[in-house]
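Working notes, beginning with the structure itself.
Rule-based calculations on the coordinates, nothing more; no lab input. What you see is a predicted model; the values in this text were computed from it and never measured. So basically every Cβ, Gly included, is an ideal-geometry build from the backbone, and we count neighbours across all protein chains shown.
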Amino acid sequence: MKLLLGLSRAIDAMNERIAFVADWLVLLSCLISAGNAFSRYAFNISSNAWLEIQWYMFGAVIMLGASYTLKRNEHVRVDIVYANVSTRRQIGIDIFGFILFMLPATIIMTYLCWPIFYNAWHMGEMSSNAGGLIRWPVKILLPVGFFLLSLQGISELIKRIAMVTGHMKADLHYERPLQ
């Protein structure tokens, strides 16, 4: 279990560093968006490439930040059930959900998204918009994002098993979103 917990810490650390990049992409995307709007309205100058890079960054934030969201235990769940059960049952729900739903889905998505990226890269796919960007950089975010989410799912599964077996303190801090 010590080796598996070491693997879990390594996965967590990697996804934290990747989330740091995603955080900065939010700021950069906002700055590009503001600059693009300013140049469009102040100087009547616009570029499809600047619009598309914002979309690419948004995709990167989502696909690269999803694994960190899972690490922080802030992903979507059935709040009405999860919040009203004991910690031991929460761990059981998580183990069940990771094994039966999350990991199979993310692994399949990683596998299915790879050809989408590969075809775009191999064919040199470009945006159909005038002055648009190449497409493969944004399309690689799909398999990479799902792969990172799969790895984080494995990390979380290791931690939940460690909690059940007593190798780790059960700390599943979860705040139900305000509605």
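Among residues belonging to the range 156-177 that are crowded, with 18+ Cβ neighbours inside 10 Å and of a type outside the set (A, V, I, L, M, F, W, C), point out the one that is nearest to Ser47 (Cα to Cα). So the residue we want is Glu156. When restricted to residues that are surrounded by fewer than 17 Cβ atoms within 10 Å (Cβ to Cβ) and touching a Leu at 6+ places or on another chain (Cβ under 8 Å), the range 24-47 contains 0. The helices (runs of 4 or more DSSP H) falling completely within the range 48-155 that include 2 or more residues that are β-branched (Val, Ile, Thr), loosely packed, with under 14 Cβ neighbours inside 10 Å and free of Cβ contacts under 8 Å to residues at least 40 places away in the same chain map to 79-82.
Mind telling me which of the residues Asn84, Asn44, Asn15, Asn73 ends up being within 23 Å of Leu133 (Cβ to Cβ) and of a type outside the set (D, E, K, R)?
Being within 23 Å of Leu133 (Cβ to Cβ) and of a type outside the set (D, E, K, R) holds for just one of Asn84, Asn44, Asn15, Asn73, which is Asn44.
Would you mind finding the one in Leu64, Leu27, Leu31 that is of a type outside the set (Gly, Ala, Ser) and under 21 Å from Lys139 (Cα atoms)? Exactly one residue qualifies, and that residue is Leu64. Kindly indicate whether Ile158 is in a helix (DSSP H, G or I), among the β-branched types (Val, Ile, Thr) and more than 21 Å from Ala13 (Cα to Cα). When the stated conditions are applied, Ile158 does not pass them. Only one of the numbered conditions (1) closer than 30 Å to Glu52 by Cα; (2) in contact with a Leu (Cβ under 8 Å, 6 or more places away or on another chain); (3) part of a loop (DSSP other than H, G, I, E, B) is not met by His167, and that is (1). The single condition from (1) under 26 Å from Phe96 (Cβ atoms); (2) free of Cβ contacts under 8 Å to residues at least 60 places away in the same chain; (3) charged (D, E, K, R) that Asp12 fails is (2).
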